Amino acid sequence: MAQGWQSSVNQRVELPEDAQLPGLAVMLDQDLVASVFSEHLDGQYAEFGRSEIRYVRYKRSTSCIIAYALDYPFDLPAGGRQLLLYGKLYTDADYENAAAKARVHRWIELPGTRPVVDLPEQRCLMYLFPNDCVIEGLRLLSDPKKIQRLLYQYLEQYPETRWRISDRKLRLVVTRYKPERRAVLRCETRAVNRRSGERQPLSVYLRIYGDKRGAEVFAVQQSLWDYTKTSKTLTVPKPLGYLPDRELLLMETIQGRPLLEALTDRGDTDCVTCTAQALAELHRHVTAAATSKQIAEYLQEAIATAQMLESILPHAKDELNGIGAALLTSARALKACPQAFAHGDFYYGQVLLDGDRVGIIDFDRAHAGEALADVGNFCAHLRNLILEGRLSETYGRHLENVFVEAYTEATGRQISPTVLTFWTGLCLLMLAVGPFRRVEPLWPSKTESIIQQCLSTLT
């Protein structure tokens, strides 16, 4: 199985001492954890060339999930040259129960090694992909024949009587993996016409969830697909099918140039205007499939994020308290607005440009709520690009103004600067977790920069 998961370069993730998770320091030190892998992985799997920490989800004094990638200079028995795995660290009180369950669970067997590795000294269990103790639907990935049958079932244009979909040429690329939450894979193969011999490439996405959200996402995407079929500007991926027993959503791919590439081409503001117009069209969609979200819930998520940030950066406590107070004060002054369809995580990474059409993807967080939260999130991401040095301050703020003005014109409704400031600040706070989650080099300073930007935006 091929892996396309983005890599990062890091050596050690420094966190305040946590006595309740005794293995934390070892499992977050790339050099130390490499020796642990070498000792506990079997056969060829112990002979990796490089290990990297890719993702961290930490709840102080409770648990920590750390995702890794191991690179190999040869093909592994299970396929590919990279092994994904994650370690879950437990407290003393929780570890024995979790380890006992892992010993009796039926896992997907991996040739030449164990699917789950027990590290009692670190109070940690390591799960080797596609094993995941929550995302049970990943079991499907171990059998190409089952995936082939899935494609026959949902790709109506390739009936088995007329086309042969190859299971031998089938290739899975992991594009996103958040252990115990969600895995996204691109499935590539080819179909051969049984009569003419014509060959056609196939590419679909598999989104596999660790909870029941897939049913709602599927319903939302079905309604969006019907809504956008006649649109001349907005397009979304076509949902092909949903398997409730596996929490698996099958979707078509859409083509286009990533918006980020266009954003970094100085002078090209048309792409921002088109994106704002497409977002306005998206917000006009009406569907009963999306759950409702109130301002209080946005605030609750923001406060929880601030608390998590304080646990990893205690010296930022005063700034985070200031942000929390500013958000609460601003929220009390907000007037209730009619709920609209909201994307829930709208930024440049969710946009593909194809001529005059704008493709929008990833509706996992879609809901009926505050449409301006999407506008604020887009602005927050532009400001983060400035912090990263990928856009100049002047040009980045210019793009932000172009986006807001185009959205305002497309909707015919003025946006209060106070309201926009609230949503931009709230979304900046949510972004501050990113450098730590992705284990970016110099993540503490990057996180502090976002926190300072958030504070200056709100106060």
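Below are the figures for this structure:
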read-out	value
For the stretch 116-165 and the stretch 308-349, distance of Cα centres in Å	37 Å
Value of relative contact order over the stretch 347-426, rounded to a whole percent, pairs C-alpha under 8 Å and six or more apart	33 percent
Residue among Ala325, Val272, Pro435 farthest towards the positive dipole end of the stretch 257-458, charges placed on Cβ	Ala325
Only Lys, Arg (+1) and Asp, Glu (-1) charged, at Cβ; the stretch 75-222 dipole about Cα centre in debye	800 debye
Cα shape, the chain, gyration tensor, a/c 1.5 rule	oblate
Label zone at Ser196 (point 7 Å along Cα-to-Cβ), backbone N below 17 Å, the stretch 118-156	none
Exposure proxy ranking, count of Cβ atoms within 10 Å, fewest first, for Lys169, Lys59, Lys232, Lys88	Lys232, Lys59, Lys169, Lys88
The stretch 246-268-the stretch 34-55 distance, computed between alpha-carbon centres (Å)	33 Å
18 Å Cα-Cα reach of Lys335 towards lysines, excluding residues that sit fewer than 8 places from it in its own chain	Lys293
Relative contact order, percent, the stretch 2-132 [alpha-carbon distance under 8 Å, six or more residues apart]	24 percent
Taking Met308, Met251 and counting other C-beta atoms within 10 Å, the order from fewest to most	Met308, Met251
Reachable lysines, given that their alpha-carbon falls under 28 Å from the alpha-carbon of Lys146 and they are not under 8 places away in the same chain	Lys101, Lys169, Lys178, Lys212, Lys238
Gyration tensor (alpha-carbon) shape descriptor, the stretch 257-458, a/c threshold 1.5	oblate
Gain in span if fully extended, Thr161 to Lys59, counting 0.36 nm per residue against the direct Cα distance	31.5 nm
Selection from Trp225, Ala373, Leu353, by position along the positive dipole direction of the chain (Cβ)	Trp225
Mean separation of Cα contacts under 8 Å (6+ apart) over length of the stretch 257-458, as relative contact order %	28 percent
Test item: Cα-centred dipole of the chain, Lys/Arg +1 and Asp/Glu -1 on Cβ, debye	1500 debye
Gyration tensor verdict on the stretch 139-252 (Cα atoms; rounded if a/c is under 1.5, prolate if a/b is larger than b/c, oblate otherwise)	oblate
Extension gain from Glu96 to Glu136, taking 0.36 nm per residue of separation minus the Cα-Cα distance	12.2 nm
Span-rule helices in the chain, defined as complete DSSP H runs reaching 18 Å or more along the axis (Cα) with Kyte mean at least -0.5	213-228, 270-283, 295-312, 317-333, 371-387, 417-431, 443-458
Total charge dipole magnitude, the stretch 2-132, about the Cα centre, Cβ charges on Lys, Arg, Asp, Glu only, Debye to nearest 20	440 debye
Separation between Cα centres of the stretch 379-436 and the stretch 437-457, rounded to whole Å	16 Å
Inter-probe distance in nm under a simple model that places probes 7 Å from Cα toward Cβ, at Tyr152 and Lys212	3.2 nm
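Computed from the coordinates by the stated procedures, all read-outs in this text should not be read as laboratory data. Fair warning: this is a prediction, and the values are worked out from it, not measured in the lab. Counting neighbours? That spans all protein chains shown, and the Cβs are built from the backbone with ideal geometry, glycine included.
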